[in-house]
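Participant: Attaching a single structure in structure tokens format; questions to follow.
None of the figures in this text is laboratory data; all of them are computed from the coordinates on show. All of these numbers come straight from a predicted model, not from anything done at the bench. Heads up, the Cβs are rebuilt from the backbone with ideal geometry, glycines too, and the neighbour counts pull from every protein chain shown.
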Amino acid sequence: MEIILSVILIFMILGAIFALHAKDLLSALVSMGIVGYGLVICFLLLKAPDLAIVQIVVETITLIIMVAIVLDSTRHELKEKAAIRHDGQSFMNTRLVGNIFIAVFLGLVLFYSFRLASAHLTEFGEHGLRMAGAYMEGAAGKTGSVNLVTGVLFDFRGYDTLGEATILFTAVVGVLTVLRLKGKHS
Amino acid sequence: MQGMSIIVKKVAQLLSGLIFMYGIYIITHGHLTPGGGFAGGAILAGSLILLVLAFGSDVMRLQKREAGSSIMESAAILGFLLLAVAAIIAGAGIFFYNYLPKGQLFHLVSAGVIPLYNIMVGIEVAAALFTIFLALVIYKEELKQ
Amino acid sequence: MTLYLLCFLLFLVGLYGVLTRRNLIKIVIGLSFMEFSIFLLLVLIGYVKGGEAPILQPGMPATGFVDPLPQAMVLTAIVIGLATNAMLLAIAIRLYKKYGTFDIRKINQLKG
């Protein structure tokens, strides 16, 4: 189980790296599909069928929208022309060394914080149902819903769903505002 | 936006109804099987997007549809909020209280208000995604003119 | 712990994309990778070894499920991720119309 998940995750990371380095934006989007659909398989293996259904549909719609945008514009990767002053070789070298130093330092800091954060996590598969135990205990009797995720979503945690609906509404209003070329009465 | 070839049109015509029905099934059985309002709403939006992509449309028609789906979205979120507020009156003053009778487990009509919430969220998500898609298509069409 | 580390690596790849790429579309892609890694981490934390999907079956004891709480949170987060992605893309194509490029080095005039 862990091995299969690790292999899928490694594939997802490779796809992500390729997506960020692709020359053509269309192939970048295809590689983004690797990551999204790999996530679907992970959800299925982790016993979360609700999430798998949502993710597969949402990923498809995202890809449709992004391809529709990319097809009409310059698809090719921008020329990474040096925006650097040509002061000479030594300047380039100090800049390169500085960049590598900053990157390594940032990586170490992030890794240290990950170690700090993951010290409090339980091992994979050993999760104790501390919070959800109260929700699951007789949840079907309390909410009447057989699907416990729906029960949590709409009964115990209704406020979160209301906030989600509000964010979706706000995003739609924002898209309509940003993309309107001419006003309604002109 | 012009449509695609006759084969694509025919297949889209045959399939989109089935996809729409599948979305409705996912929404209404949200409290019994995997799925629910979010998944079903996205599937409904997918079937509508398929129709627009296959058949194409002129800007005027698209704008009408955009206005319709935008109104639909606002109405759905208002309905969701009203259902939640009705709980204050019907229940003991608790927001999001499940005030309808729970019914029997594993039956389609059960779980009180949860199926109604599911339907409202489903309409909201479907209308929101379809509106976003239509806004992009209209923007591209207007840019071409 | 390996799985958490791999999730963290995916997050770092997304962060790297956001920080170093010059293309607006690729920045959006990097942001969505960060989102994906967080979703996966939350669901991984909620997994119980040998657990079943949190859906009751007739005639089955109501125990031994995976944690439904992170799943419900991630379910809302996925749809919010789509909405924010659409918003970012809308801003990106408006900028493309104004400047004719996705290059953020050329999009530097802040006048309206």
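Participant: What is the set of long-range amide H partners of C:Phe65 at a cut-off below 5 Å, with H atoms built 1.01 Å from backbone N?
Facilitator: Residues meeting the criterion, in which the H sits 1.01 Å from N, are C:Glu52.
Participant: Who wins for biggest fluctuation among A:Gly33, A:Gly128, A:Gly163 in a Gaussian network model of chain A, springs between alpha carbons below 10 Å?
Facilitator: A:Gly163
Participant: Convex hull over the Cα atoms of chain C, averaged projected area in nm²?
Facilitator: For the Cα atoms of chain C, the hull's average projected area reads 9.3 nm².
Participant: Now, a different point. Using only the Cα atoms, what convex hull volume per residue in Å³ does region A:133-186 have?
Facilitator: 96
Participant: Counting only helical runs of four or more DSSP H residues, what would the 222 nm mean residue ellipticity of chain B come to if each run contributes -39,500 (n - 2.57) and the total is spread over all its residues?
Facilitator: The helix contribution divided over chain B gives -26000 deg cm²/dmol.
Participant: So what J values fall out for region B:92-104 if you push phi through Karplus, 6.51 cos²θ - 1.76 cosθ + 1.60 with θ = phi - 60°, rounded to Hz, Gly and Pro as x?
Facilitator: 8, x, 10, 5, 6, 7, 8, 8, 7, x, 6, x, 9
Participant: Okay, moving on. Name the shape class, rounded, prolate or oblate, that the alpha-carbon gyration tensor gives for region C:15-64, where a ≥ b ≥ c are the square roots of its eigenvalues, rounded holds for a/c under 1.5, and otherwise prolate holds if a/b is larger than b/c and oblate otherwise.
Facilitator: It comes out prolate by the Cα gyration axes.
Participant: Determine, for chain B, the count of lysine pairs separated by eight or more sequence positions (or lying on different chains) whose alpha-carbon distance falls under 23 Å.
Facilitator: Taking chain B as the scope, the lysine pair count is 4.
Participant: Now a separate question. Highest mean first, how do A:37-44, B:132-139 rank when packing is the count of other Cβ atoms within 10 Å averaged over residues?
Facilitator: Ranking the peptides A:37-44, B:132-139 by packing returns B:132-139, A:37-44.
Participant: Lysine pairs in region C:3-112 with Cα distance under 20 Å, only those 8 or more apart or on different chains: how many are there?
Facilitator: Pairs that pass both the separation and distance tests number 7.
Participant: Oh, and also: Please work out the FRET efficiency for the pair B:Ile88 and A:Ile167, using the Cβ-Cβ distance as r and a Förster radius of 25 Å; give the result to the nearest 0.05.
Facilitator: After rounding to 0.05, the efficiency reads 0.60.
Participant: Okay, next question. Give me a comma-separated list of calculated 3J(HN,Hα) values for region B:61-74, in order, Karplus coefficients 6.51, -1.76, 1.60 applied at θ = phi - 60°, integers in Hz, x for any Gly or Pro.
Facilitator: Whole-Hz 3J(HN,Hα) from phi for region B:61-74: 4, 4, 5, 4, 5, 5, 4, x, 6, 5, 5, 4, 5, 4.
Participant: If you build the Cα gyration tensor of chain B and take the root of 5 times each eigenvalue, what three semi-axes come out, in whole angstrom, biggest first?
Facilitator: 35, 19, 8
Participant: Now, a different point. What ratio of Cα Rg to 2.2 N^0.38 Å holds for region A:1-75?
Facilitator: With N residues counted in region A:1-75, Rg over 2.2 N^0.38 Å equals 1.19.
Participant: What is the calculated FRET efficiency for B:Ile71 to A:Glu123, with r their C-beta to C-beta distance and R₀ = 56 Å, to the nearest 0.05?
Facilitator: Efficiency computed from Cβ-Cβ geometry: 0.65.
Participant: For A:3-13, what's the mean count of beta carbons from other chains sitting within 10 Å of each residue's beta carbon?
Facilitator: Mean partner shielding for this stretch: 4.
Participant: How far apart, in nanometres, would the label points at B:Met21 and C:Leu19 be if each is projected 7 angstrom from Cα along the Cα-to-Cβ direction?
Facilitator: Between B:Met21 and C:Leu19, the label points sit 5.3 nm apart.
Participant: When 1/r is averaged over all different Cα pairs and the result inverted, which Kirkwood radius in Å belongs to the protein assembly as shown?
Facilitator: 23.6
Participant: To continue, here is another question. Under unit Cβ charges (Lys, Arg +1; Asp, Glu -1), what dipole magnitude, rounded to 20 debye, does the protein assembly as shown have relative to its Cα centre?
Facilitator: So the dipole magnitude of the protein assembly as shown works out to roughly 1640 debye.
Participant: Could you derive backbone 3J(HN,Hα) for region A:166-175 from the dihedral phi with the Karplus parameters 6.51, -1.76 and 1.60 (θ = phi - 60°), listing whole Hz in sequence and x where the residue is Gly or Pro?
Facilitator: Couplings: 5, 5, 4, 4, 4, 5, 5, 4, x, 5 Hz.
Participant: Then there's this: For peptide B:120-129, compute the average count of partner chain beta-carbon atoms within 10 Å of each residue's beta-carbon.
Facilitator: 5
Participant: Ignore the peptide's own chain and count Cβ atoms of other chains within 10 Å of each Cβ in C:38-45; give me the average, rounded.
Facilitator: 5
Participant: In Å and on Cα atoms, what radius of gyration and Dmax does region C:69-112 show?
Facilitator: Just the Cα atoms of region C:69-112 yield Rg and Dmax of 15.5, 46 Å.
Participant: Then there's this: Taking a point 7 angstrom from the Cα of B:Lys140 along the C-beta vector, which residues in region B:33-69 have backbone N less than 13 Å away?
Facilitator: Answer for this model: B:50, B:52-57.
Participant: Something else now. Roughly how many Å is it from the Cα centre of region C:4-26 to that of region A:27-51, as a whole number?
Facilitator: For region C:4-26 versus region A:27-51, the Cα centre distance is 17 Å.
Participant: Would you mind getting the Kirkwood hydrodynamic radius of chain A from its Cα pairs, rounded to one decimal in Å?
Facilitator: After inverting the mean inverse Cα-Cα distance, the result is 21.9 Å.
Participant: Post the alpha-carbon centroid distance, region A:131-186 to region B:17-62, in whole angstrom.
Facilitator: Comparing the Cα centres of region A:131-186 and region B:17-62, I get a distance of 18 Å.
Participant: For A:Val149, what charge total do you get from the other residues with a beta carbon under 13 Å from its beta carbon, if Lys and Arg give +1 and Asp and Glu give -1?
Facilitator: -3
Participant: Sticking with this one: So how tilted is helix A:2-21 from the main axis of chain A? Cα-based, degrees 0 to 90, rounded to 10.
Facilitator: In chain A, helix A:2-21 runs at an angle near 40 degrees to the longest axis.
Participant: So, one more: If R₀ is 22 angstrom, what is the calculated FRET efficiency for the pair B:Lys10 and A:Leu26, using the beta carbon separation as r and rounding to 0.05?
Facilitator: 0.20
Participant: Right, next: With an 8 Å cut-off on Cα pairs and a minimum separation of 6 or more residues, tell me the relative contact order of region B:59-103 in percent.
Facilitator: Dividing the mean separation by the residue count of region B:59-103 yields 20 percent.
Participant: Mean-square fluctuation check for chain A, GNM, Cα pairs under 10 Å: which of A:Leu51, A:Leu121, A:Leu63 is largest?
Facilitator: A:Leu121
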